[in-house]
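Contents: one structure, followed by commentary.
The values are calculated or read from the model by the stated rules, or taken from the named source; none is laboratory data. Source: prediction; values computed, not measured. Cβ placement follows ideal geometry from the backbone for every residue including glycine, while neighbour counts extend to all protein chains displayed.
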Amino acid sequence: MDQLACTVAEYREAVVALVRPLPIEHVALIDGVGRVTATDVAALQPVPLFDNSAMDGYAVRSADVAGATPSHPARLTVVDRVPAGHRRAHPLRPGEAVRIMTGAPVPEGADVVIPVELSTPGRFTDDPTVEVWPPAKPNIRWAGEDVSTGEALIPRGTTLTARALALLAATGHRTVAVRRRPRVAVLSSGDELSDGVTDLPDASAGTIPDSNAVYLCAAVRAVGGEVTGIHRAADAPGEVEAALEEACRDADLIVSTGGLGAGTHDVLGRTVAGSPGGVLTRVAMRPGRPQAHGSWNGVPWIALPGTPTAAFVSFEAFVRPALERLSGILHTQALLAETVSTGWSGSAGTVRFVPLSVTQRGDGVTVAPADEPARAAHALSAMFSAPLIGVVAAEIGDVLAGQLLPVIEPA
């Protein structure tokens, strides 16, 4: 890889190549939301499971009510009553009807359910007979008419939603095979950082809150990962190595921030560059130009810049795709495209990540910069509060009103 600069796409490809999908485990359906299917999933049983009534009424043979009308109803003998959750009635014989409730199994021989409203007197009674006339449709949910046994439901690599899990439950599943959640160790590098708990920030001492660690932990969890720990390293020889030894013990991935500059105190960048497969490079993007990746004790390591806005867009551009591959996601959501309402000037040559506000919602969404685009690289409040982040391609200079701009919805 070019050590001076590479494209966002090239660097993303290199980072994603560091990881492989994690092992498979089976979880109960109620624990499956947000997990990623490890296999194609098919129906184990049909939906509906059996022929059942779609109405409260009378299960009858259509031949027994053919030609009946409200003024000349058919008189049938009521031989049984079947609520939902009970065994089906005995097979119907000619001239018989079964009082049936919604969801109850339809007795053998019945091929239509007449709503109680199409009877005399229009409500259930204890009379041994009932006068009825045929409805416009059968009002029966036939077994398997919605989903048949063996029908493909959810492909491998799909993130499970509550609705998908309900479908699995309805088709006979009690567990689902998913990829194990990625375990991520977060490492913050820099003498200037305070953890905000045991070490409060002090303006006079030049220390600042470690917002990157908070962001990365929350973002990892938001996309389905687990955080194994937060580790901190001072800008001194041996400190980064010691933190890495702790971080890699129970992690599938290490994500660090800070220390990628050319300064004498930027120890982390030199450490990752010297690790197995290590690369320290500049990516054609703004913010987030310095990037690095490598490994420590066999654990893949993605090193992000320390500037909070740069760490933020770098997570979306590189860490999220790596986590998706670890999770086994095959159907990554494509970038959305929204219409720009207010254009702005810019220089081509790098991919620019710009925080956007939504200016109008209607048939589509229109967007405008949430802050002065020239400040986007350091505008912390705008970058972290914007509902959308615009991705301006490297070949585009000025962004014009009316053009479609790819956007991402951040974690």
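Below is a table of values for the structure above.
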{"quantity": "Condition check for residue 108: free of Cβ contacts under 8 Å to residues at least 60 places away in the same chain, over 18 Å from residue 75 (Cβ atoms) and more than 42 Å from the chain's Cα centre (by Cα)", "calculated": "yes"}
{"quantity": "Residue 33 assigned to a strand (DSSP E or B), over 17 Å from residue 135 (Cα atoms) and not assigned by TED's automatic domain parsing to the domain that holds residue 280", "calculated": "no"}
{"quantity": "Condition met for residue 286 (charged (D, E, K, R) and within 29 Å of residue 180 (Cα to Cα))", "calculated": "no"}
{"quantity": "Count - residues of the range 169-197 that are among the charged types (D, E, K, R), assigned to a loop (DSSP other than H, G, I, E, B) and either surrounded by fewer than 19 Cβ atoms within 10 Å (Cβ to Cβ) or modelled with pLDDT under 85 (or both)", "calculated": "4"}
{"quantity": "In the range 83-101, residue modelled with the lowest pLDDT [restricted to those that are surrounded by 16 or more Cβ atoms within 10 Å (Cβ to Cβ) and within 42 Å of the chain's Cα centre (by Cα)]", "calculated": "88"}
{"quantity": "Identity of the residue in the range 102-140, among the β-branched types (Val, Ile, Thr), more than 19 Å from residue 71 (Cβ to Cβ) and surrounded by fewer than 17 Cβ atoms within 10 Å (Cβ to Cβ), that ends up modelled with the highest pLDDT", "calculated": "102"}
{"quantity": "Within the range 276-385, helices (runs of 4 or more DSSP H) holding 1 or more residues that are at pLDDT 85 or above and buried (at least 22 other Cβ atoms within 10 Å of the Cβ)", "calculated": "308-314, 320-327"}
{"quantity": "Scan of the range 316-340 for residues that are closer than 25 Å to residue 366 by Cα and in contact (Cβ under 8 Å) with a residue 24 or more places away in the chain, ordered by number", "calculated": "316, 317, 335, 336, 337, 338, 339, 340"}
{"quantity": "Condition check for residue 170: in contact (Cβ under 8 Å) with a residue 24 or more places away in the chain and within 22 Å of the chain's Cα centre (by Cα)", "calculated": "yes"}
{"quantity": "Unmet requirement for residue 15, which otherwise passes all of (1) outside any loop (DSSP other than H, G, I, E, B); (2) surrounded by fewer than 19 Cβ atoms within 10 Å (Cβ to Cβ); (3) out of contact with any Ser or Thr (no Cβ under 8 Å at 6 or more places or on another chain)", "calculated": "(2)"}
{"quantity": "Subset of the range 155-167 [in contact (Cβ under 8 Å) with a residue 12 or more places away in the chain and surrounded by 13 or more Cβ atoms within 10 Å (Cβ to Cβ)]", "calculated": "156, 157, 158, 159, 160, 161, 165, 167"}
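Conditions (1) modelled with pLDDT under 95; (2) in a loop (DSSP other than H, G, I, E, B); (3) under 23 Å from residue 12 (Cβ atoms); (4) not small (Gly, Ala, Ser), marked per residue:
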| position | (1), (2), (3), (4) |
| --- | --- |
| 230 | yes, no, no, yes |
| 236 | yes, yes, no, no |
| 241 | yes, no, no, yes |
| 249 | yes, no, no, yes |
| 255 | no, no, yes, yes |
| 260 | yes, yes, yes, yes |
| 264 | yes, yes, no, yes |
| 268 | yes, no, yes, yes |
| 271 | yes, no, yes, yes |
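The rows are residues; the columns are (1) in contact with a helix residue (DSSP H, G or I) (Cβ under 6 Å, 6 or more places away or on another chain); (2) among the small types (Gly, Ala, Ser).
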| position | (1), (2) |
| --- | --- |
| 269 | no, yes |
| 278 | yes, yes |
| 286 | no, no |
| 290 | no, no |
| 293 | yes, no |
| 309 | yes, no |
